[in-house]
Ligand code: ADP
């Protein structure tokens, strides 16, 4: 639950992002995620989800508007804001020539962690993600599931208070999806705020306290899964989503 004593984990105000091509990917998005929340961001391809994440993590600069991460201005005070954020990107962007230990250690170094702390945190995370036995192996030798776990461990290395998961379960098998759900639920229960983007509605329903729908660069609705369904006058999150994207004829309720 959100803690009123601490600043919001993420506070986005009137965020506009216009790419040099002229595409307005975000058209004045405002969004607040409380400390400790598990928050889902849903929307069709091209809605603006990645742009929002890139602006929050400093990979893209907003055209206008504000972003604060735990009270730190992500535009004017970028480094403090960035330290508070861990990003597990959708693509498996590991350096294939590094060992697992090096992967985590280099990331920690990049975030200014001391050697002793890096060593301890690396061991702790490899253990938590059942990767200790592989610590001296190069990442290219890992299975897809192990790579996903390592990417999650890397995102957590510098102990971010806000973890951003960008489609963490895209294209993974059922066992790994459920395994990743267990990990992220535990991380959230231990106090880390989570922002998740996913195309799997049952995943959002299962994990998220609150969900926002984004479409065409605009935040259209937000609330719990039940609140979103009620808002659209439908039975569940999937039907609410179909209303959002204007495809209610696809509702499973209509499949006789
Ligand atoms: P999503 O992550 O929801 O699929 P994106 O944020 O990737 O959406 O894209 C939002 C819009 O911005 C799309 O129209 C996309 O084509 C456009 N876009 C994304 N990145 C760039 C870029 N680097 N340059 C120009 N247009 C972009």
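Computed values, structure above
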| item | result |
| --- | --- |
| Residues 80, 239, 91, sorted so that the one with the fewest Cβ neighbours within 10 Å comes first | 91, 80, 239 |
| FRET efficiency estimate (nearest 0.05) - Cβ-Cβ, residue 6 to residue 231, R0 25 angstrom | 0.30 |
| Gain on full stretching of the segment that runs from residue 16 to residue 99 - 0.36 nm per residue minus C-alpha separation | 25.9 nm |
| Rounded tilt (10° steps) of 144-156 against the dominant C-alpha axis of the chain | 90 degrees |
| Helix axis angle, 115-128 relative to the chain longest principal axis, alpha carbon, degrees | 60 degrees |
| Fewest-first ranking of 190, 124, 203, using other Cβ atoms within 10 Å as the exposure measure | 190, 124, 203 |
| Whole-Å distance, taken between Cα centres, linking the stretch 1-80 and the stretch 211-225 | 13 Å |
| Cα-projected label distance for residue 255 with residue 143, points at 7 Å along beta-carbon direction, nm | 2.9 nm |
| The chain: radius of gyration over Cα atoms, expressed as a fraction of 2.2 N^0.38 Å | 1.03 |
| Full-extension gain in nm, residue 218 to residue 64, via 0.36 nm per residue minus C-alpha separation | 54.0 nm |
| Sequence of 37, 167 once ranked by neighbouring C-beta atoms within 10 Å, starting from the fewest | 167, 37 |
| At R0 = 22 Å, FRET efficiency that the Cβ-Cβ distance of residue 106 and residue 186 yields, to 0.05 | 0.30 |
| Compactness index (Cα Rg / 2.2 N^0.38 Å), the stretch 91-159 | 0.97 |
| Theoretical gain in end-to-end length, residue 75 to residue 159 [0.36 nm per residue, Cα-Cα removed] | 28.1 nm |
| Between 0 and 90°, nearest 10: helix 174-189 axis offset from the chain longest Cα axis | 80 degrees |
| Over the chain, relative contact order from alpha-carbon pairs under 8 Å, at least 6 apart, % | 24 percent |
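Each reported figure results from applying straightforward, stated rules to the coordinates on display, with no laboratory input. The shown structure was predicted, so the numbers you read here are calculated from the model rather than taken from an experiment. FYI the Cβ positions are ideal-geometry reconstructions off the backbone, even for glycines, and counts take in every protein chain you see.
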